[in-house]
Amino acid sequence: MQVNEVPFLNIFDPHFRIDSDDVRAARAASWYARTPLGYSALRYEDVLVLLRDPRLHQGSAAMLKLRGVKDGPLVGWWDKALLNMDGADHTRLRRLVAKAFTPPAIERLRPYFKATAERLIDAFAASGHCEFMTAFSDRYPLEGICELLGIPVEKRDGFCGWASDLGLIFSPLVADPQVRARIETSLLALSDCVKDVLAERRREPKDDLITALLQAEEDGDRLSEEELHTNVVGLVFAGNDTTRNQLGLGLLAFTRFPEQWALLAERPDLAPRAVDEIMRKFPTISGIPRIATEAFEHRGVRFKAGTVFGLMLGSANVDEAVFGEAPFDITVERPAAQMTFGGGIHRCLGMWLARAEMQEALVTLAQRLDRIELDGAPSWLPGQGIVGPTALPLRFGARAV
């Protein structure tokens, strides 16, 4: 296939959607597409291979600069975040952070996740309606990551807005000077709060993730003060915004499939599969950027060093060659894993936290709220980067508790 025959996807179009007919047609025609920035991989097997290719490095920092944000506190923090590192620096930092971020530490918090979900639902269940993002999704993952980190309850109120603002770093809106100023204001506020908490934990260690990060060591190597600060800020952001939006997308999905919602209420054992099915069909992270550090060839196509590659997870997750038509169904074991958590050395470090939080939330919501339906039109984040509803009005019946 000649380059001029490769499908073109205008990812800068404000109406672009990963689940559109245009993307589906492009995936049927070719394993990749041209975009205004470079190329995007569309099919499951190709995205899987390229996620693990060491010649393709994380591209989020480069994407920020391509959108015109080239200096200032936002760039200074983003360039040093674990997500945007590769090579030996990434390996070292990830190994140290992972020592504290363990599945057992997260599993111990499941009762807290459930209690938090119950408390938030109590505030609106009797009314028969709510704006779900404000009433539940804004607050629930924030409580989870703050509890894991050990952020004092009295400091948490500002964290939700700060983390959501930081999520705009993935959006084309970041090019707007006013949006950038809003993001940087939230970054500085969150940064100051994290500095205070780190100082408190140095004086008074506790059984929490921040203390574990302070104590993390391997062969005498420890996280520096800057590394601690940068990564705790990153964890607050990452542990809130993606889960927030994925929950919103999940509830929206269940308004379309009410029989699946009723089934989840009856069979909480389906929660792990429900989370994976939501992330497969309705992912909040539709794609991951990569930059080629050297010339490379894939499927007989030669790409130059510096080529920007978008790995379209949202397209790969519904690739008909792997999944068939595969309508939304939480009872089916799929032939391959969804890839919304990424893959390779950059596979999401917080995936166990996100899974546990969403499993507990979805079961609790399904067992408390009956017949969820839209109570108005949702409003949306832009169709690139982290996607999801900014407002999701729902109405429902109440199940007996």
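Scanning region 59-68 for residues that are surrounded by 19 or more Cβ atoms within 10 Å (Cβ to Cβ) and more than 10 Å from residue 169 (Cα to Cα) returns a single hit, 59. Whenever a residue of region 223-239 is in contact (Cβ under 8 Å) with a residue 12 or more places away in the chain, its partners that are buried (at least 18 other Cβ atoms within 10 Å of the Cβ) and among the basic types (Lys, Arg), lying with C-beta atoms within less than 7 angstrom and at least six residues away or across chains, give the pairs 230/80.
Can you say whether residue 46 is surrounded by 13 or more Cβ atoms within 10 Å (Cβ to Cβ), touching a residue at least 60 places away in the same chain (Cβ under 8 Å) and either in contact with a Leu (Cβ under 6 Å, 6 or more places away or on another chain) or in a loop (DSSP other than H, G, I, E, B) (or both), as far as the supplied structure shows? Taking the combined requirement at face value, the residue does not satisfy it. Looking only at residues in region 308-363 that are at pLDDT below 95, surrounded by fewer than 22 Cβ atoms within 10 Å (Cβ to Cβ) and among the β-branched types (Val, Ile, Thr), the one that is nearest to residue 251 (Cα to Cα) is 345. Pairing residues of region 194-209 that are at pLDDT below 95 with residues that are among the basic types (Lys, Arg), at Cβ distances under 8 Å and at least 6 apart in sequence or on separate chains, gives 196/155; 197/155; 208/201.
For region 155-193, taking the residues that are of a type in the set (S, T, N, Q), modelled with pLDDT of 90 or more and within 19 Å of residue 145 (Cβ to Cβ), the one that is farthest from the chain's Cα centre (by Cα) is identified as 191. Here residue 76 meets the list (1) surrounded by fewer than 15 Cβ atoms within 10 Å (Cβ to Cβ); (2) farther than 18 Å from residue 186 by Cβ; (3) small (Gly, Ala, Ser) almost entirely, failing just condition (2). Can you find, within region 120-176, the residue that is farthest from residue 391 (Cα to Cα) among those that are free of Cβ contacts under 8 Å to residues at least 40 places away in the same chain, in a loop (DSSP other than H, G, I, E, B) and among the acidic types (Asp, Glu)? Of everything passing the filter in region 120-176, 176 is farthest from residue 391 (Cα to Cα). For region 274-307, filtered to residues that are buried (at least 21 other Cβ atoms within 10 Å of the Cβ) and in a loop (DSSP other than H, G, I, E, B), the residue that is nearest to the chain's Cα centre (by Cα) is 284. Within region 203-233, being exposed (fewer than 13 other Cβ atoms within 10 Å of the Cβ) and at negative phi holds for 203, 204, 206, 207, 217, 218, 221, 224, 225, 226. Figure legend. Inter-residue proximity from region 253-271: first residues assigned to a loop (DSSP other than H, G, I, E, B), second residues not aliphatic (A, V, I, L, M), beta-carbon distance below 6 Å, spacing 6+ or different chains. Indicated pairs: 257/328. Only a single item in (1) touching an Asp or Glu at 6+ places or on another chain (Cβ under 7 Å); (2) buried (at least 19 other Cβ atoms within 10 Å of the Cβ); (3) more than 19 Å from residue 171 (Cα to Cα); (4) modelled with pLDDT under 95 is not met by residue 100, and it is number (1).
Each residue in region 308-322 was checked for being out of contact with any Phe, Trp or Tyr (no Cβ under 8 Å at 6 or more places or on another chain) and either of a type in the set (D, E, K, R) or not in a loop (DSSP other than H, G, I, E, B) (or both), and 5 pass.
The values are calculated or read from the model by the stated rules, or taken from the named source; none is laboratory data. What you are looking at is a predicted structure, and each value in this text was computed from that prediction instead of being measured. Cβ atoms come from the backbone with ideal geometry, glycine included; neighbour counts cover every protein chain shown.
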